[in-house]
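Okay, structure first, notes after.
The values are calculated or read from the model by the stated rules, or taken from the named source; none is laboratory data. As the structure is a prediction and not an experimental result, all values here were calculated from the model. Methodologically, a virtual Cβ is constructed for each residue, glycine included, from the backbone with ideal geometry; neighbour enumeration extends over all protein chains shown. Accessible surface areas use protein heavy atoms only, side chains included; no ligands, DNA or RNA. Shrake-Rupley method; radii C 1.70, N 1.55, O 1.52, S 1.80 Å.
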Amino acid sequence: MLYWNYQSVQCRDAGAIPPEPISLPYGKRSKQSPFSSKDYTTVWRAIENGYITQPSDCPPVRLIANYGFSVCSPGKVIIRRLPKHLPLRGFESDRAMFGFAEVGGDPWPNSDSGFIASWIAGSEFVKVQTGIVIFFPTDCYLYQGPLPNTSLLSQPNIDVMAGLEYPSKERVVEINGKYYGTANLNIIVKLPQGEETITLKSGDFLAWFFVLSIRGNNRLTKRVSEESELTP
């Protein structure tokens, strides 16, 4: 069981978007796809007649497009790279600068920059704040990271860092008699290269999240014995 809440009333009023079960566009099979048929004669005839195979024709690709929960931008976000490192923070009415980062867009409460995107110690990365906190079971990790198959989405492609949130004594709360770890959904994004500008609008997908079991994640299963018959 997962729970969520707004980080504050101010974040709610500023436009924070609640997480939802994710549903990416490529998660549905094309109506023109011949792969719904079990008749491979039909499939190959369609390909010979010019049908272009789509990623959505692959069941595992469709499945991952509907697995986990969405993290969406709560408003307009503008991210640019400065031509040179700025050692001190600079503020103007429509932008803020620090390090190599220049950010702008919609204002955000309790942000270092004043905007939804904020700097991370003047580095090559910025933090995009969502105003959402997730509560997850203490016997699990919470994965958050880049969307699967971003090249199949018709929105700006951002370089999102992946990470695992874990429960700690300082970030555990009790809900309905059980303990849960807490995670603020702040998404770390790498600055674009050169003069490229990243512009996100409210509702654009930022990342996704889901729970993972803590135990056994790094155990590699043994190789089958030489005597075992392998399926051709």
Next on the checklist: Condition check: free of Cβ contacts under 8 Å to residues at least 60 places away in the same chain, open to solvent by 10 Å² or more (accessible area, probe 1.4 Å) and part of a strand (DSSP E or B). Does Leu86 satisfy that?
Outcome noted: yes
Item to check | Flag for Val189 being in contact with a Gly (Cβ under 8 Å, 6 or more places away or on another chain) and in contact (Cβ under 8 Å) with a residue 24 or more places away in the chain | outcome: no
Checklist entry - Of the residues Phe115, Phe100, Phe125, which is modelled with pLDDT of 90 or more, farther than 17 Å from Ser73 by Cβ and in contact with a strand residue (DSSP E or B) (Cβ under 8 Å, 6 or more places away or on another chain)? => result Phe100
Checklist entry - Within region 1-47, how many residues turn out to be open to solvent by 80 Å² or more (accessible area, probe 1.4 Å), modelled with pLDDT under 75 and assigned to a helix (DSSP H, G or I)? => result 3
Checklist entry - Within region 83-112, how many residues turn out to be polar (S, T, N, Q) and within 19 Å of Leu206 (Cα to Cα)? => result 1
Next on the checklist: Take the conditions surrounded by fewer than 17 Cβ atoms within 10 Å (Cβ to Cβ) and in contact with a Pro (Cβ under 9 Å, 6 or more places away or on another chain) and apply them to Asn66. Does it pass?
Outcome noted: yes
Next on the checklist: Kindly evaluate Gly131 against the criterion of being touching a helix residue (DSSP H, G or I) at 6+ places or on another chain (Cβ under 9 Å) and in contact (Cβ under 8 Å) with a residue 60 or more places away in the chain.
Outcome noted: yes
